[in-house]
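The values are calculated or read from the model by the stated rules, or taken from the named source; none is laboratory data. This is a predicted model, so every value here is computed, not measured. Don't worry about glycine lacking a Cβ; one is built from the backbone with ideal geometry, like all the others, and counts go over all protein chains shown. Quick note on the areas: whole protein, heavy atoms, side chains included, nothing else; ligands and nucleic acids left out. Shrake-Rupley method; radii C 1.70, N 1.55, O 1.52, S 1.80 Å.
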Amino acid sequence: MLSPAQAGRLLPKRPRPAPDLAAPILLSPPHLTGREKAAVEASLASGWLAPAGPIPRAFEAALAKETGFAHVLGVASGTAALTLAFRVLEIGPGDEVWVPGFTFIASIAPAVQLGARPRFLDVCPASWTLDPALLAMELRQAARQGRLPKAVVAVDIYGQCAALHEIAPLCAGYGVAVISDSAEGLGATQAGLSAGKGALLAAFSFNGNKIITAGGGGALASDDALLIARARALADQAKTPAPHYQHETTGYSFGLSSLLAAVGLAQLPKLADRVARRRAIFARYQEGLEDLPGISFMPEAAWGRASRWLSAMLIDPEGFGMDADGVRRVLAAEGIESRPVWKPLHMQPVFCDAPRIGGSVAEALFARGLCLPSGSGLGQDAQHRVIRAIRAAARG
Ligand SMILES: *Cc1c(COP(=O)(O)O)cnc(C)c1O
(Lines give C-alpha, C1' and ligand atoms only; values in the text may rest on other atoms or scores of the structure.)
Protein backbone atom coordinates (compact mmCIF):
# COMPACT_ATOMS: atom_id res chain seq x y z
CA MET A 1 0.00 0.00 0.00
CA LEU A 2 1.16 3.51 -0.82
CA SER A 3 1.04 6.18 1.86
CA PRO A 4 -0.87 9.29 0.80
CA ALA A 5 2.45 11.15 0.54
CA GLN A 6 3.89 8.47 -1.75
CA ALA A 7 0.71 8.48 -3.82
CA GLY A 8 0.93 12.26 -4.06
CA ARG A 9 4.39 11.98 -5.58
CA LEU A 10 2.96 9.75 -8.33
CA LEU A 11 0.60 12.49 -9.45
CA PRO A 12 1.72 14.63 -12.38
CA LYS A 13 3.26 17.94 -11.36
CA ARG A 14 0.90 20.86 -11.69
CA PRO A 15 1.68 22.90 -14.82
CA ARG A 16 3.14 26.29 -13.96
CA PRO A 17 0.56 29.06 -13.97
CA ALA A 18 0.29 31.53 -16.86
CA PRO A 19 1.65 33.81 -18.16
CA ASP A 20 4.25 31.55 -19.70
CA LEU A 21 4.74 32.11 -23.42
CA ALA A 22 5.83 28.52 -23.94
CA ALA A 23 2.88 27.08 -22.00
CA PRO A 24 1.15 24.28 -23.88
CA ILE A 25 -1.99 25.30 -25.76
CA LEU A 26 -4.67 22.65 -25.48
CA LEU A 27 -7.48 21.83 -27.88
CA SER A 28 -10.45 22.57 -25.62
CA PRO A 29 -9.63 22.60 -21.91
CA PRO A 30 -12.26 23.37 -19.24
CA HIS A 31 -12.94 27.09 -18.82
CA LEU A 32 -13.85 27.85 -15.23
CA THR A 33 -16.18 30.69 -14.26
CA GLY A 34 -14.80 31.16 -10.74
CA ARG A 35 -18.06 29.98 -9.21
CA GLU A 36 -17.46 26.23 -9.36
CA LYS A 37 -15.52 25.96 -6.08
CA ALA A 38 -18.24 27.66 -4.04
CA ALA A 39 -20.88 25.51 -5.73
CA VAL A 40 -19.05 22.29 -4.88
CA GLU A 41 -18.44 23.48 -1.31
CA ALA A 42 -22.11 24.30 -0.92
CA SER A 43 -22.97 20.86 -2.24
CA LEU A 44 -20.60 19.22 0.27
CA ALA A 45 -21.93 21.35 3.12
CA SER A 46 -25.50 20.41 2.26
CA GLY A 47 -24.67 16.72 2.60
CA TRP A 48 -25.94 16.03 -0.93
CA LEU A 49 -23.18 14.23 -2.82
CA ALA A 50 -24.87 11.31 -4.51
CA PRO A 51 -26.92 11.37 -7.73
CA ALA A 52 -30.03 12.33 -5.79
CA GLY A 53 -31.59 15.33 -4.11
CA PRO A 54 -32.07 18.92 -5.19
CA ILE A 55 -28.80 19.67 -7.01
CA PRO A 56 -29.11 17.31 -10.00
CA ARG A 57 -32.79 18.33 -10.21
CA ALA A 58 -31.80 22.01 -10.31
CA PHE A 59 -29.28 21.27 -13.07
CA GLU A 60 -31.96 19.44 -15.05
CA ALA A 61 -34.35 22.39 -14.66
CA ALA A 62 -31.66 24.86 -15.78
CA LEU A 63 -30.89 22.74 -18.83
CA ALA A 64 -34.58 22.38 -19.70
CA LYS A 65 -34.87 26.17 -19.61
CA GLU A 66 -31.74 26.59 -21.74
CA THR A 67 -32.71 24.06 -24.42
CA GLY A 68 -36.49 24.44 -24.44
CA PHE A 69 -37.04 20.74 -23.75
CA ALA A 70 -39.91 19.93 -21.38
CA HIS A 71 -38.10 17.05 -19.66
CA VAL A 72 -34.42 16.54 -18.88
CA LEU A 73 -32.56 13.75 -17.09
CA GLY A 74 -29.04 14.40 -15.82
CA VAL A 75 -26.72 11.38 -16.19
CA ALA A 76 -23.08 10.39 -15.75
CA SER A 77 -21.99 11.05 -19.36
CA GLY A 78 -23.17 11.81 -22.87
CA THR A 79 -22.60 8.16 -23.73
CA ALA A 80 -24.87 7.14 -20.85
CA ALA A 81 -27.55 9.50 -22.22
CA LEU A 82 -27.27 7.87 -25.66
CA THR A 83 -27.41 4.39 -24.10
CA LEU A 84 -30.66 5.32 -22.37
CA ALA A 85 -32.05 6.82 -25.59
CA PHE A 86 -31.51 3.50 -27.38
CA ARG A 87 -32.88 1.53 -24.42
CA VAL A 88 -36.12 3.52 -24.07
CA LEU A 89 -36.71 3.05 -27.82
CA GLU A 90 -36.21 -0.70 -27.21
CA ILE A 91 -33.46 -0.99 -29.77
CA GLY A 92 -31.89 -4.42 -29.92
CA PRO A 93 -30.96 -7.40 -32.07
CA GLY A 94 -32.53 -7.30 -35.53
CA ASP A 95 -32.80 -3.50 -35.56
CA GLU A 96 -30.86 -1.12 -37.75
CA VAL A 97 -29.79 2.29 -36.51
CA TRP A 98 -28.60 4.85 -39.04
CA VAL A 99 -25.95 7.41 -38.21
CA PRO A 100 -23.64 9.71 -40.14
CA GLY A 101 -20.22 8.12 -40.55
CA PHE A 102 -18.53 11.42 -39.74
CA THR A 103 -18.82 11.38 -35.95
CA PHE A 104 -17.41 10.10 -32.68
CA ILE A 105 -18.01 6.41 -31.99
CA ALA A 106 -20.22 7.17 -28.96
CA SER A 107 -22.99 8.27 -31.36
CA ILE A 108 -23.61 4.60 -32.22
CA ALA A 109 -21.55 2.34 -29.88
CA PRO A 110 -24.34 1.92 -27.29
CA ALA A 111 -26.80 0.78 -30.00
CA VAL A 112 -24.25 -1.75 -31.25
CA GLN A 113 -23.72 -2.98 -27.69
CA LEU A 114 -27.49 -3.54 -27.46
CA GLY A 115 -27.30 -5.74 -30.56
CA ALA A 116 -28.38 -3.32 -33.29
CA ARG A 117 -26.68 -3.06 -36.67
CA PRO A 118 -25.33 0.33 -37.73
CA ARG A 119 -25.65 1.78 -41.24
CA PHE A 120 -23.42 4.75 -42.02
CA LEU A 121 -24.67 7.62 -44.17
CA ASP A 122 -22.54 10.38 -45.62
CA VAL A 123 -22.58 14.04 -44.56
CA CYS A 124 -23.02 17.09 -46.78
CA PRO A 125 -20.08 19.36 -47.58
CA ALA A 126 -22.10 22.48 -46.71
CA SER A 127 -22.52 21.50 -43.05
CA TRP A 128 -20.42 18.37 -42.34
CA THR A 129 -23.63 16.90 -40.81
CA LEU A 130 -26.02 14.14 -41.97
CA ASP A 131 -27.07 14.68 -45.60
CA PRO A 132 -30.90 14.94 -45.63
CA ALA A 133 -31.15 14.27 -49.39
CA LEU A 134 -29.18 11.03 -49.02
CA LEU A 135 -31.30 10.10 -46.00
CA ALA A 136 -34.50 10.71 -48.00
CA MET A 137 -33.30 8.42 -50.82
CA GLU A 138 -32.21 5.67 -48.47
CA LEU A 139 -35.44 5.81 -46.41
CA ARG A 140 -37.52 5.55 -49.60
CA GLN A 141 -35.58 2.50 -50.73
CA ALA A 142 -35.57 0.88 -47.27
CA ALA A 143 -39.33 1.36 -46.99
CA ARG A 144 -39.82 -0.39 -50.35
CA GLN A 145 -37.60 -3.25 -49.22
CA GLY A 146 -39.14 -3.49 -45.74
CA ARG A 147 -35.91 -2.71 -43.89
CA LEU A 148 -36.56 0.65 -42.25
CA PRO A 149 -34.29 1.50 -39.31
CA LYS A 150 -35.61 1.65 -35.77
CA ALA A 151 -33.92 5.02 -35.29
CA VAL A 152 -31.81 7.63 -37.05
CA VAL A 153 -29.14 9.40 -35.03
CA ALA A 154 -28.59 12.97 -36.25
CA VAL A 155 -25.32 14.37 -34.93
CA ASP A 156 -24.25 17.95 -34.24
CA ILE A 157 -20.62 18.34 -35.30
CA TYR A 158 -18.08 20.78 -33.84
CA GLY A 159 -20.91 23.04 -32.67
CA GLN A 160 -22.93 22.88 -35.87
CA CYS A 161 -26.47 21.51 -35.63
CA ALA A 162 -27.74 18.81 -37.93
CA ALA A 163 -30.64 19.83 -40.22
CA LEU A 164 -33.35 18.55 -37.84
CA HIS A 165 -35.96 20.77 -39.52
CA GLU A 166 -35.60 18.45 -42.54
CA ILE A 167 -34.52 15.20 -40.88
CA ALA A 168 -37.29 15.05 -38.24
CA PRO A 169 -40.30 15.45 -40.62
CA LEU A 170 -38.66 13.10 -43.11
CA CYS A 171 -38.25 10.33 -40.51
CA ALA A 172 -41.69 11.00 -39.04
CA GLY A 173 -43.13 10.22 -42.49
CA TYR A 174 -41.81 6.67 -42.11
CA GLY A 175 -42.47 6.31 -38.38
CA VAL A 176 -38.72 6.30 -37.67
CA ALA A 177 -37.53 7.83 -34.37
CA VAL A 178 -34.87 10.55 -34.43
CA ILE A 179 -32.25 10.80 -31.71
CA SER A 180 -30.07 13.90 -31.74
CA ASP A 181 -26.52 13.42 -30.52
CA SER A 182 -26.06 17.03 -29.42
CA ALA A 183 -22.97 16.37 -27.30
CA GLU A 184 -21.14 18.94 -29.46
CA GLY A 185 -24.17 21.12 -30.13
CA LEU A 186 -25.12 22.82 -26.86
CA GLY A 187 -25.37 26.57 -27.44
CA ALA A 188 -25.85 26.26 -31.21
CA THR A 189 -29.21 26.75 -32.90
CA GLN A 190 -31.10 25.26 -35.86
CA ALA A 191 -34.14 26.95 -37.37
CA GLY A 192 -34.11 29.26 -34.34
CA LEU A 193 -34.34 26.34 -31.91
CA SER A 194 -31.84 24.90 -29.47
CA ALA A 195 -29.60 22.05 -30.57
CA GLY A 196 -31.50 18.77 -30.51
CA LYS A 197 -34.97 20.32 -30.35
CA GLY A 198 -37.30 18.58 -32.78
CA ALA A 199 -35.75 15.15 -32.20
CA LEU A 200 -37.67 12.66 -30.08
CA LEU A 201 -34.68 12.43 -27.75
CA ALA A 202 -31.51 14.53 -27.52
CA ALA A 203 -28.26 13.71 -25.72
CA PHE A 204 -25.87 16.30 -24.31
CA SER A 205 -22.39 15.92 -22.79
CA PHE A 206 -20.63 17.85 -20.02
CA ASN A 207 -17.28 16.13 -20.46
CA GLY A 208 -14.20 18.21 -19.71
CA ASN A 209 -13.64 19.29 -23.32
CA LYS A 210 -17.21 20.33 -24.14
CA ILE A 211 -18.47 23.93 -24.30
CA ILE A 212 -19.94 23.64 -20.79
CA THR A 213 -18.43 21.10 -18.45
CA ALA A 214 -19.48 19.53 -15.19
CA GLY A 215 -16.15 17.71 -15.00
CA GLY A 216 -18.03 14.81 -16.57
CA GLY A 217 -21.73 14.23 -17.03
CA GLY A 218 -24.47 14.23 -19.60
CA ALA A 219 -28.17 14.70 -20.09
CA LEU A 220 -31.03 13.14 -22.00
CA ALA A 221 -33.81 15.52 -23.07
CA SER A 222 -37.23 15.05 -24.62
CA ASP A 223 -40.65 16.62 -24.80
CA ASP A 224 -42.09 13.17 -24.02
CA ALA A 225 -42.52 12.81 -20.24
CA LEU A 226 -42.94 9.04 -20.43
CA LEU A 227 -39.64 8.47 -22.26
CA ILE A 228 -37.71 10.50 -19.70
CA ALA A 229 -39.49 8.76 -16.81
CA ARG A 230 -38.48 5.40 -18.30
CA ALA A 231 -34.91 6.60 -18.80
CA ARG A 232 -34.82 7.88 -15.20
CA ALA A 233 -35.79 4.46 -13.89
CA LEU A 234 -33.24 2.68 -16.11
CA ALA A 235 -30.51 5.11 -14.97
CA ASP A 236 -31.11 4.00 -11.39
CA GLN A 237 -30.99 0.20 -11.76
CA ALA A 238 -34.61 -0.06 -12.96
CA LYS A 239 -35.97 -0.14 -9.43
CA THR A 240 -39.72 -0.08 -9.20
CA PRO A 241 -40.89 1.58 -6.02
CA ALA A 242 -40.80 -1.09 -3.34
CA PRO A 243 -38.70 -1.15 -0.17
CA HIS A 244 -37.05 -4.41 -1.24
CA TYR A 245 -36.22 -3.17 -4.80
CA GLN A 246 -38.39 -4.86 -7.38
CA HIS A 247 -36.97 -5.22 -10.92
CA GLU A 248 -38.88 -5.95 -14.10
CA THR A 249 -35.82 -5.28 -16.26
CA THR A 250 -32.14 -4.50 -15.73
CA GLY A 251 -30.83 -0.96 -15.70
CA TYR A 252 -27.68 1.02 -15.08
CA SER A 253 -25.98 3.12 -12.45
CA PHE A 254 -25.94 6.23 -14.62
CA GLY A 255 -26.91 8.96 -12.15
CA LEU A 256 -25.32 12.42 -12.23
CA SER A 257 -23.44 13.07 -8.97
CA SER A 258 -24.54 16.13 -7.01
CA LEU A 259 -20.95 17.38 -6.97
CA LEU A 260 -20.77 17.33 -10.77
CA ALA A 261 -24.24 18.82 -11.11
CA ALA A 262 -23.08 21.68 -8.87
CA VAL A 263 -20.18 22.36 -11.26
CA GLY A 264 -22.58 22.22 -14.21
CA LEU A 265 -24.96 24.65 -12.49
CA ALA A 266 -22.11 27.11 -12.00
CA GLN A 267 -21.08 26.78 -15.66
CA LEU A 268 -24.42 26.85 -17.46
CA PRO A 269 -25.25 30.57 -17.04
CA LYS A 270 -22.06 31.31 -19.03
CA LEU A 271 -23.17 29.39 -22.11
CA ALA A 272 -23.96 32.45 -24.26
CA ASP A 273 -20.61 34.00 -23.32
CA ARG A 274 -18.80 30.76 -24.20
CA VAL A 275 -20.50 30.61 -27.60
CA ALA A 276 -19.54 34.24 -28.29
CA ARG A 277 -15.92 33.55 -27.34
CA ARG A 278 -15.67 30.40 -29.45
CA ARG A 279 -17.21 32.19 -32.43
CA ALA A 280 -14.70 35.03 -31.98
CA ILE A 281 -11.85 32.48 -31.88
CA PHE A 282 -13.11 30.95 -35.13
CA ALA A 283 -13.35 34.40 -36.75
CA ARG A 284 -9.76 35.22 -35.71
CA TYR A 285 -8.46 31.99 -37.25
CA GLN A 286 -10.35 32.79 -40.43
CA GLU A 287 -8.99 36.31 -40.55
CA GLY A 288 -5.45 35.21 -39.74
CA LEU A 289 -5.23 32.23 -42.10
CA GLU A 290 -7.71 32.30 -44.94
CA ASP A 291 -5.42 34.20 -47.31
CA LEU A 292 -3.05 31.19 -47.27
CA PRO A 293 -3.30 28.96 -50.34
CA GLY A 294 -5.02 25.62 -49.71
CA ILE A 295 -6.75 26.69 -46.45
CA SER A 296 -10.52 26.71 -46.00
CA PHE A 297 -12.79 26.62 -42.96
CA MET A 298 -15.81 24.59 -41.88
CA PRO A 299 -18.82 26.33 -43.43
CA GLU A 300 -21.71 27.57 -41.30
CA ALA A 301 -24.97 25.94 -42.37
CA ALA A 302 -27.72 28.22 -43.66
CA TRP A 303 -30.26 26.83 -41.16
CA GLY A 304 -28.52 27.71 -37.93
CA ARG A 305 -25.99 29.54 -35.85
CA ALA A 306 -22.99 27.41 -34.93
CA SER A 307 -21.31 27.57 -31.52
CA ARG A 308 -17.95 26.81 -33.16
CA TRP A 309 -17.24 24.41 -30.30
CA LEU A 310 -14.12 23.45 -32.23
CA SER A 311 -12.59 25.57 -34.99
CA ALA A 312 -12.07 23.15 -37.87
CA MET A 313 -10.29 23.83 -41.13
CA LEU A 314 -9.33 21.94 -44.26
CA ILE A 315 -5.80 21.90 -45.66
CA ASP A 316 -5.29 21.06 -49.32
CA PRO A 317 -1.70 19.76 -49.40
CA GLU A 318 -1.21 20.80 -53.05
CA GLY A 319 -2.01 24.42 -52.34
CA PHE A 320 -0.61 24.65 -48.83
CA GLY A 321 2.57 22.64 -49.35
CA MET A 322 1.99 20.35 -46.34
CA ASP A 323 -0.84 18.04 -45.37
CA ALA A 324 -3.03 18.30 -42.26
CA ASP A 325 -1.01 15.72 -40.36
CA GLY A 326 2.19 17.61 -41.15
CA VAL A 327 0.65 20.77 -39.73
CA ARG A 328 -0.52 18.84 -36.67
CA ARG A 329 3.06 17.67 -36.06
CA VAL A 330 4.53 21.15 -36.57
CA LEU A 331 2.05 22.50 -34.00
CA ALA A 332 2.75 19.64 -31.57
CA ALA A 333 6.47 20.49 -31.70
CA GLU A 334 5.52 23.98 -30.50
CA GLY A 335 3.41 22.65 -27.65
CA ILE A 336 0.15 23.32 -29.50
CA GLU A 337 -2.49 20.60 -29.48
CA SER A 338 -4.55 20.11 -32.63
CA ARG A 339 -6.46 17.04 -33.74
CA PRO A 340 -7.58 15.41 -36.99
CA VAL A 341 -11.31 15.66 -37.64
CA TRP A 342 -13.38 12.51 -36.97
CA LYS A 343 -12.14 9.42 -38.78
CA PRO A 344 -15.27 8.12 -40.55
CA LEU A 345 -16.78 5.21 -38.65
CA HIS A 346 -16.98 3.12 -41.82
CA MET A 347 -13.15 3.30 -41.92
CA GLN A 348 -12.83 2.03 -38.35
CA PRO A 349 -11.74 -1.62 -38.11
CA VAL A 350 -14.60 -2.42 -35.73
CA PHE A 351 -17.18 -1.45 -38.39
CA CYS A 352 -15.45 -2.76 -41.53
CA ASP A 353 -18.42 -5.03 -42.33
CA ALA A 354 -21.19 -2.49 -41.69
CA PRO A 355 -23.24 -1.23 -44.64
CA ARG A 356 -22.70 2.35 -45.70
CA ILE A 357 -24.36 4.79 -48.03
CA GLY A 358 -21.80 7.05 -49.66
CA GLY A 359 -18.94 8.19 -47.48
CA SER A 360 -16.67 10.04 -49.90
CA VAL A 361 -17.48 13.42 -48.31
CA ALA A 362 -16.56 12.14 -44.83
CA GLU A 363 -13.39 10.57 -46.23
CA ALA A 364 -12.35 13.80 -47.94
CA LEU A 365 -12.92 15.73 -44.71
CA PHE A 366 -10.82 13.22 -42.80
CA ALA A 367 -7.99 13.47 -45.34
CA ARG A 368 -7.75 17.25 -44.99
CA GLY A 369 -9.37 18.31 -41.73
CA LEU A 370 -7.71 19.68 -38.61
CA CYS A 371 -9.28 21.00 -35.39
CA LEU A 372 -7.41 23.91 -33.85
CA PRO A 373 -7.18 25.01 -30.19
CA SER A 374 -10.65 26.40 -29.47
CA GLY A 375 -11.08 26.62 -25.70
CA SER A 376 -13.20 29.60 -24.73
CA GLY A 377 -10.42 30.61 -22.33
CA LEU A 378 -7.87 30.85 -25.16
CA GLY A 379 -6.21 34.27 -25.01
CA GLN A 380 -5.45 36.34 -28.10
CA ASP A 381 -1.67 36.05 -27.57
CA ALA A 382 -1.88 32.27 -27.41
CA GLN A 383 -4.11 32.20 -30.48
CA HIS A 384 -1.64 34.36 -32.39
CA ARG A 385 1.06 31.81 -31.51
CA VAL A 386 -1.08 29.16 -33.23
CA ILE A 387 -1.68 31.38 -36.27
CA ARG A 388 2.02 32.27 -36.54
CA ALA A 389 3.03 28.60 -36.35
CA ILE A 390 0.63 27.67 -39.17
CA ARG A 391 1.79 30.61 -41.31
CA ALA A 392 5.41 29.55 -40.76
CA ALA A 393 4.50 25.98 -41.82
CA ALA A 394 2.99 27.41 -45.02
CA ARG A 395 6.22 29.20 -45.88
CA GLY A 396 8.38 26.21 -44.97
C1 LIG B 1 -18.31 13.91 -26.46
C2 LIG B 1 -19.22 13.22 -27.37
C3 LIG B 1 -20.04 12.15 -26.95
C4 LIG B 1 -19.90 11.48 -25.61
O5 LIG B 1 -20.00 12.26 -24.50
P6 LIG B 1 -19.31 11.75 -23.13
O7 LIG B 1 -19.88 12.67 -22.12
O8 LIG B 1 -17.84 11.89 -23.33
O9 LIG B 1 -19.71 10.33 -22.92
C10 LIG B 1 -20.95 11.62 -27.83
N11 LIG B 1 -21.05 12.07 -29.09
C12 LIG B 1 -20.27 13.05 -29.56
C13 LIG B 1 -20.46 13.50 -30.96
C14 LIG B 1 -19.32 13.65 -28.73
O15 LIG B 1 -18.51 14.60 -29.20
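Some points to look at:
- Annotation: for a label point projected 7 angstrom from Cα along Cα→Cβ of ASN209, residues of the stretch 280-319 with backbone N closer than 15 Å are 309-313.
- Simple label model, 7 Å out from Cα along Cβ direction - ALA367 to ALA172, nm: 3.9 nm
- For the peptides 123-134, 88-99, 142-153, the ranking by packing is 123-134, 88-99, 142-153, with the highest mean count of neighbouring Cβ atoms within 10 Å listed first.
- Working note: Cα atoms of the stretch 84-132, range along each principal axis, descending, whole Å: 33, 17, 15.
- P(r) tail for the chain: Cα pairs beyond 33 Å make up 35% of the total.
- Diffusion coefficient, µm² s⁻¹, Stokes-Einstein with Kirkwood Rh over alpha-carbon pairs of the stretch 271-395 at 10 °C and 1.306 mPa s: 103 µm²/s
- Take the stretch 331-396 with all the other protein chains still there, run a 1.4 Å probe, and you get 47 Å² of accessible area per residue.
- If the segment from ASP353 to ILE105 were pulled out straight at 0.36 nm per residue, it would be longer than the present Cα-Cα gap by 87.7 nm.
- With a Förster radius of 35 Å applied to the C-beta separation of ALA22 and ALA276, the computed FRET efficiency comes to 0.80.
- Computed accessible area, ASP316, all protein chains, 1.4 angstrom probe, square angstrom: 40 Å²
- Two-decimal ratio, the stretch 159-249, of alpha-carbon radius of gyration to 2.2 N^0.38 Å: 1.28
- Calculated [222 nm] ellipticity per residue, helices only, for the chain: -11500 deg cm²/dmol; basis is -39500 (n - 2.57) per DSSP H run with n ≥ 4, divided by all residues, nearest 500.
- Summing Cβ point charges (Lys, Arg +1; Asp, Glu -1) relative to the Cα centre of the chain gives a dipole of roughly 800 debye.
- Ellipsoid fit via the Cα gyration tensor, the stretch 36-269: semi-axes of 31, 21, 13 Å, each the root of five times an eigenvalue, largest first.
- Treating r as the C-beta distance of ARG391 and ALA136 and R0 as 45 Å, the FRET efficiency rounds to 0.60.
- Solvent-accessible area, 1.4 Å probe, carbon plus sulfur percent, for the chain: 58 percent
- Cβ crowding within 10 Å averaged over residues, with 26-33, 337-344, 369-376 ranked highest first: 369-376, 337-344, 26-33
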